[in-house]
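What follows is a set of notes on a single structure, which appears directly below.
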Amino acid sequence: MLNIVLFGPPGAGKGTQSQKLIEKYGLIHLSTGDLLRSEISQGTQLGLKAKKLMDEGLLVPDEVVIGMIESKIADNRSAAGFIFDGFPRTVPQAEALDQLLVRYDQGISCMIALQVNEEELVKRLLLRGQTSGRPDDADETLIQKRVQEYNTKTTPVANYYAQQNKFYAVDGIGEIEEIFTKTCEIVDACQVALNK
């Protein structure tokens, strides 16, 4: 099973690349935001717990998020694999995800980070803000804060996967197809290594 963690700061092109990877490799998209919304709308026990916390303005704890991921994995045992988008964001989350996957005789195949400099990210997000209607994409100060927060929080996670020889960086500047080709080369190499 192919399990990819896709990383990148806001505006790096994760959404575009993950969609293309899903189509090419038949993966299931695991976005924690989508999972939370889905569990809440279905009124599941985890969803109700998450909603209560969110209504109180609190962050949903890791164990609730991991529980949602586990139910998705359990429901899709015959899937070709998963693409994790926006998770794990911290080393404890990465460790919890590893422990969860071991229970299903699985593991993370590779962690791919789309790297884009801050100047380009700000430009992309301001452009996106003109069409997306998202206020956090229209304010340059907010954008810089989001990028800095991403860098601070996710560097340790990148190091965690680098220690397992699973970290790969892809230059996220260029033509979409060009970036996708480079990303696929990494995924294909990971698949070959998995099948050995």
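List of remarks:
- Checking Phe180 against (1) within 30 Å of Gly67 (Cβ to Cβ); (2) out of contact with any Asp or Glu (no Cβ under 9 Å at 6 or more places or on another chain); (3) buried (at least 17 other Cβ atoms within 10 Å of the Cβ), the condition it does not meet: (1)
- Hits in the stretch 20-70 - residues which are in contact with a strand residue (DSSP E or B) (Cβ under 9 Å, 6 or more places away or on another chain), open to solvent by 20 Å² or more (accessible area, probe 1.4 Å) and modelled with pLDDT of 90 or more: Ile22, Tyr25, Gly26, Ile28, His29
- Looking only at residues in the stretch 86-109 that are within 20 Å of Asn76 (Cα to Cα) and among the charged types (D, E, K, R), the one that is least open to solvent (accessible area, probe 1.4 Å) is Asp98.
The values are calculated or read from the model by the stated rules, or taken from the named source; none is laboratory data. Here the structure is a predicted model, which is why all the values come from computation and not from measurement. With ideal geometry, Cβ positions are generated from the backbone for all residues, glycine too; neighbour counts draw on all protein chains shown. Each accessible area value is taken on the protein alone, full model and side chains, heavy atoms only, with ligands, DNA and RNA left out. Shrake-Rupley method; radii C 1.70, N 1.55, O 1.52, S 1.80 Å.
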